[in-house]
Each structure stands twice: as C-alpha cells, then as structure tokens.
Amino acid sequence: MSIALREPPDLDGGAGGIVAHRAVVRWAVRLFRREWRQQLLVLGLLTVAVAATIWGASAVTNAQLADPNYPTFGIAAVSVTLPGTDPQLAADIATIQGRLGPADVIENQNIATGTTQSVQLRAESPHGHYNAPLLGLVSGTYPAGPGQVALTSQVASLYDAHVGGSWQAVGTTWRVIGIVQDPSNLADEFALVAPGQVTHPSKVTMLLGSAAAQQALNSGGATVPGVPAATLAGPNEQTAGPPQATLILVVEVLGLVFIGLVSVASFSVLAQRRLRALGMLSAIGATGRNLRLVMVVNGLVVGAAGALAGAVVGLAAWFAYAPALQQSSGHVIDAANLPWWAIAIAVVLAIATSVLASRRPAKTMAAVPVVAALSGRPAPPRAVYRSAVPGVVVFAVGLACLAFSGGLAALGGGQGGEGGGHGPGHTLLLLGGLVASIVGIILLAPLAISVLAAGAGPRLPVAIRIALRDLVRYRARSGAALAATTFAVFLAMAICLVASIRFDNPVNWIGPNLSSSQLIFPAQASPGPGQMEPLSSAQLTSLSGRLNTLAASLHARSAVPLETSAFLYQVGTQAHSPQNFTGTVYVATPQLLTTYGIKASQIAPGTDILTMRPGLAGVPRLEMIWTPPHSCNDDDPNCGNQPQPGADGGPPCTLGNDCLPSPTIQTIASLPGGTSAPNTLITEYAVRKYHMQVQTQQNGWLIQAPAPLTAPQLNAARQLALAYQVVVETGTYEPSLRDFADGATALGILIALGVLAMSVGLIRSETARDLRTLTATGASSTTRRTITAATAAALALLGAIAGMAGAVVTVLAWGHSSLSNILNDVLLTDVLILLIGLPLIAAAAGWLLAGSEPTVISRQPLE
C-alpha cells in the first residue's frame, strides 16, 4: 500500500507557508520539552554565563562610590578645617558661617585606644545639610543630649560595649543608645555625641555649599579672609581608577563572548544529534527553510530559558554577595542599585547569541543530503586554513589596539601615583582590542585541533588514538569547545598577570600588614596622633618584661626585640625622585631567625639582605644606606631636602658615603610576609663588615603566637599598650597577589571544567554507535574510560596552552610601556595548576564519569 502526501493549498509553490512554519515551530518546542534532560548541561552553562555577567556588572557598579569625595565632603562643595588649638575657635566658626553661609560643623577629638585603630569622639548633627553620606543609623537612636553616645560597630567591639550599656572615654561615662556608621567609609571608627559635647576638639570641619563659599573657593584662596587659622578646600575632580562604565562594558564583553562560545559549541552538537530526525523531516517534504527554522526556534527557546534563568540566578547571587562586597569595598552598598541597562543587554544579547549560534549549524544540517542525514554520519571537517589567516589578522589588530590604548597609565595603574586619562578614545581602543584579541584566539582554535591528527600515531594506545581522531572528525564541535576552554584559561591567566602588575612590586609591597597571630609593640610612646616620644630606659626594661609575660600567656616563645641599622632605597627614573622601600629593614638576629626556623647554614656566605619578597633580588638600582635618609643638622634650612647617595644631584653611592649599591640579596620564603612584619632583614655579617650602628631596643618587639589571637587576648595586648602609651599593631586584612591569583585560577578552572564536561559529554554522545561497536567486540570499561579521559585531557591541555599564550601576548601588548612591571613575579604555582592541573583534573573527571556499558548494543535507539 502506498500513501500519497499532499501539502495544503497555502504551501503550493514550494516556498512553505504559515501552516508549515507553525508545525515546525511546534515540533521544535516539543523536541525541547522532550529532550530537556539532554540539554540540561547546555542550559546550565548558559545560565551560569548570563548569571556571571549580571553578577559582575552589578559588582562593578557598586564597588566604587558614586562620588569619591563623599568620605571627605559629603555632598558639600567646600570644606573648611580649623585646628582644635585655635584660641578663638567659637568666634572663627561664627565668622565663617556669617561670611560663607550655613555649615555643618563636625568636631573631632582623638581617643587613645592602645592600637593602631584611630577612634574619634565626634560631635555632629545627624540632620545636617551636607553630611548625609557621612552618617547613618544602624540600630537604636542618635544621641540628643549630654551623656548619650552612639558607637560604630568597630568601637563597640573594641570596648565590648552594647546598646543600653555604658562606655567610658575622655573622663566621662556615656550611655550607649545606638550603633552608627559612616556609609561612605565603613573603616571610619568614631563615637557620636550631640553637638557641643566635645570639649577639647582636635580638629573642626565645616561643610558648606553656598554660592559665597564656592566663590571663595574659585577665587583660588586657601584661607578665609579674617580667619587665618582656617583652611579652605574643595572636592578633587580626579577619580581613582577607570570609569565605571568602562569596567561594566569589559565585564559585558567577556560575559557575552563566553555566552557565544558556549552557544556555538552547544548547538553544533545538538544539530548533529538531531541529524537523523532532520533527515526524516526532509524525507517527508520539509524544505531547507523549514529545517533551518527547527534549529533557530530551538536556539530561541534554549537561549530564552537560559537567559531568564541566568537573570534570576545572577540577581540572587548579587543580593547574596552584596554584604561581602560592602565589607571589602569599605562603604555601604544599596543592593537595589543595579545597572538595569547592562542586565537588559546581557539578557537580550544572550538570546540573540543563541539564535545566531544555531543558524550556522542549522544551515549546515539543512544542506546535508537526506540519505546522509538518515545515516547520522557527521559532515567531513572543514579545512583549517580558512580560519587561520583571518584569526591571525584579527588577533594582530587586537594587539595593535591594546598597544595604543594607553596601558597602565590609562587605567591609573602607573607606578608612583602616575595616572593617565580615561578618554573615550582609550576606552574604545581597550574594548576593541580586547574583543579582537579574543576573537582572534577563537578563530585560531581549530589549528590546535589539527595538531591532534598528527599526534595520533600508531605508538599510542588504541583508546587514545580513537579519542584524538574523534576530536578531529568532529572538529566543528571540538573547535568550539576548545575555544571556550581557551577563553576560560585566557581570562584566569590575564587576571593573574594584571594582579602581579598591581600587587607584586617587591619594593612597594602590598598586602596584609600582619598575620592574625602576630603583634608588634613599638618602643616609642604616642601621647597623641602623630606624636612619638622615646621611652626611658626604665620604661623599656619594664615593658620588655611585661611583653615576655604576655608572650607566655599567648604560648609564644618570647617577645623578640626588633633592631634596625640600615635602609633600602631604589633610585627612581625621574630627577630627584628615589623611590622609598616600603617597610623596615630589621637586623637578622639569632633570636628572630630562630622564631621562623631559619638556620645559619641556610644563609649563603656574603649575603647582605635576607627577604621573602619575590623578585627583590633582581630589582635594579637598589641601594643599601646605613645613614638615616636625609640626616642633617636641624639648624640647616635645607634639612630634609638633600638628595640621597646615588640619586640625581646627590653624592655617589660608595662605602665612604655609607652606601652600598646592589647589595647581595637572598630570598628565604620562611620569613613572614606581612608589610609590617620583618620580611626583609640585614644579616649580622653585613652589620659587622660595614661597621653599622645597631639601634638596639629602639624599634619594638614582635610576638609570634602559634595560633590566631582571640578577642580577649587582643584586648589584653591593648590594655598593656595603653599603660605605656604605646600603639600595638595587630593584623588587618588587605588583599594580596595570592588572593587575586588563586581566585582567578579557581574561577578559570571551574569555567573550563564546566565547558569540558558539556563538550566531552556531547561529543562522546555522538560516538555512542562506535562505543556500542567497541563493546560488542569485547572492549572493557577501561577502554571506554580511557577514551573519555583522553578526550577531556586533550581539550584541556590545548586550551591551557593556547589560553596562557594568548593572555601573555595580550597583556604584554597592553602594558608594553611598563614591561618592567609585567611578568615580574607571576605565581608559578598558579601557572602550573592551569597548565598541568587542569588537564589532570579533566582526565580524572572523564575517567570517573565514564565507563558504563551501553544499555542497547544490538541496535541504535530511535530519536
């Protein structure tokens, strides 16, 4: 019996019509509903990509203050500062208000706490005209009368105070009625009292915004006429860091590139998976346009589902992350302050990218003959040379754009405070160069796939040869997967390189000052802010004994005396501008070396300096000076302006001038890494050889506890410091190169593994028929596991090599004007994790997740 098929009247002419389009669309939607489990990984990756883009754009939007002048000026246009020692303070305040208009008056009195934490007693009206960004109520109420105080959370924790309790300071017992904060600077620690309750202010700040105040500022005067003690200042128009819109666009570009790569890899595989179904549809009369519509509609549905789910997940992740960002950024964040335009762009372009990514495989599948489509065989791979030349050209154009984008200077990353412009030209070059570089790397990815064909020689095991040849056979899918993996590694490596530029200058060390188990007590009293007085011999002896007792209570060996005898200087490239070495160079006493387990045999003969700062041994123009910098007679009017030996205009750096050029430096990693810790030491050999004078017991003591210090232990140290009017330094968290590099590496590996899981799973699903054949001929689970593991490892290794190479070349092109700061000391462990760890993890995951025997061996299941 034969069945004759006839199209409806509106399909006559072979062009297809509304009925056919509706039928095809309904069929595509039903396919998505039926095969959502097969597309779950694709949807998951699209969801993650969109969510990461939205989360990143939201974080960038809120990481910086809307106005960087808020912490100093609030919303005022002018500030006037008066010293607390002004004998006519009240009259001067009244004079300024009479001439320049109404003002918010903020009175500050410094409070000694015994720590480096600066706490102020502050009198300020919570209902001022201009101080809204400077004052916020967390709980309780604002103080309104005598004896009432509201504390910041840091001060309340430091003094173990709480709302409803009491707090003693400046000879008065205050009743705590609230918890407050400075929304623009959460590190600002103060105790708020009602106006007029600060009797001995250290400084008075007046915030003004009248036309008269602005006119006085625009006239160029720094003082107020008739008030010589007053200092007039205005907001700084320079902003720190690159413009917010630039960072958001960079995040958008990176996110959308990743979305596009995932989409291309996904829909290429899905098209091949549906090849037989498309062939059947073509056999019953569907046109090429109908076949393309099936894949495009599928791309639209998948893209819309992934984009909407990603938007929900991204917003949820942002609201969960906002409190952590608020703590790390140091200012209050409004979680509802979202870049809706960026979110809309991410969602719309994610859907559009999915549709566009489905068009190319749809066009390819529609051109496959019916018989070939019903057989399910993949199309022969395209020649690689077609994408090699455009890839090289686009990559070169991207590098050229990055080279002319301004580099570090354009982003305010110049050394020594150098800053550049952030004009639209630099921004466009940066974005264009970044996009072109990434696109060039993507176009060059198939070249790496062709290497596998040459590597699949007869000496390799059969399972590995099958895996490599399958990657070459399915180059359209494996090439897109490799491009996505390369992009993930590229992003991680680029972050590591840029972080090393900013955070790994061995001279200007950046990071935490001390660990949570360290304390440093100075040997100078600090009766007031900025005041330093040496302790007497009796006080030094008494404090040393009590510090040893404190160290014993902390289970530390003892309080280690810190001694100094020399300074390090790096002669700068600009005239009269040598760059100071940040930190203190202590003497490597036997007691200090024993504290960190360093034996004398570990120190090489002739070593002058020991350091844990990687790269310090290779810093050029480094000098060791054992005469204090700018030492001179106090009666000399030029005291403090004399250049150092070796600097431009100064005497030569010779031993006769107490200066040693290029001292011998040995790196010892076991020294502590804090910026205030003894991370750089001068050896006793150098002290004896150059006849230096050691300042014994004049620089303080170090206590190294075996475990992080608790709040009661820190309070005991603070009380001891208060008794001697010294300031104890405790650990405070600052981000370091290790934090950025480890985070970037972990992010890159997670993204790469997700892409590999999707790609390997989909590619191996295409070879299900081959696996059934292998199983039928006696192949064991080990063979099947080896095939999957080799597929994942090969893609991971090629992606790691290509991504790292592309990142290095791209960052070098961008920062070519500051090559001395690039690759200075990239963390080798993170490089090895990306280059070796990623392929090993991918291979292990492929081995563990594969190996199950196909459920049906004798026949191919219907799709």
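We did not get these values from a lab; they are worked out from the coordinates using the rules stated. Quick caveat, the model's predicted, so the values are computed rather than measured. Positions of Cβ are backbone-derived with ideal geometry, glycine not excepted, and every protein chain shown enters the neighbour counts.
For THR152, the amide hydrogen comes within under 5 Å of the amide hydrogens of VAL180, PHE190, LEU192, counting only partners 5 or more places away or on other chains and with H modelled in the peptide plane.
Computed extension gain for PHE319 through ALA91, at 0.36 nm per residue and net of the alpha carbon distance, reaches 77.2 nm. Charge tally around THR113: other residues with Cβ under 11 Å, Lys/Arg +1 each, Asp/Glu -1 each, net 0.
If R₀ is 56 angstrom, what is the calculated FRET efficiency for the pair THR81 and ARG289, using the beta carbon separation as r and rounding to 0.05?
On the way: r = 75 Å, r/R0 = 1.33.
The pair THR81/ARG289 has a calculated efficiency of 0.15.
Taking R0 as 35 Å, what FRET efficiency do you get between ARG33 and TRP340 from their Cβ-Cβ distance, rounded to the nearest 0.05?
On the way: r = 31 Å, r/R0 = 0.89.
After rounding, the FRET efficiency stands at 0.65.
Residue by residue, the stretch 345-354 carries 3J(HN,Hα) couplings of 4, 4, 5, 5, 6, 5, 5, 5, 5, 5 Hz when phi is fed to the Karplus relation 6.51 cos²θ - 1.76 cosθ + 1.60 (θ = phi - 60°); x denotes Gly or Pro. Treating r as the C-beta distance of LEU655 and THR199 and R0 as 56 Å, the FRET efficiency rounds to 0.50.
Computed over neighbours whose Cβ is under 14 Å from that of SER662, the net charge equals -1, Lys and Arg +1, Asp and Glu -1.
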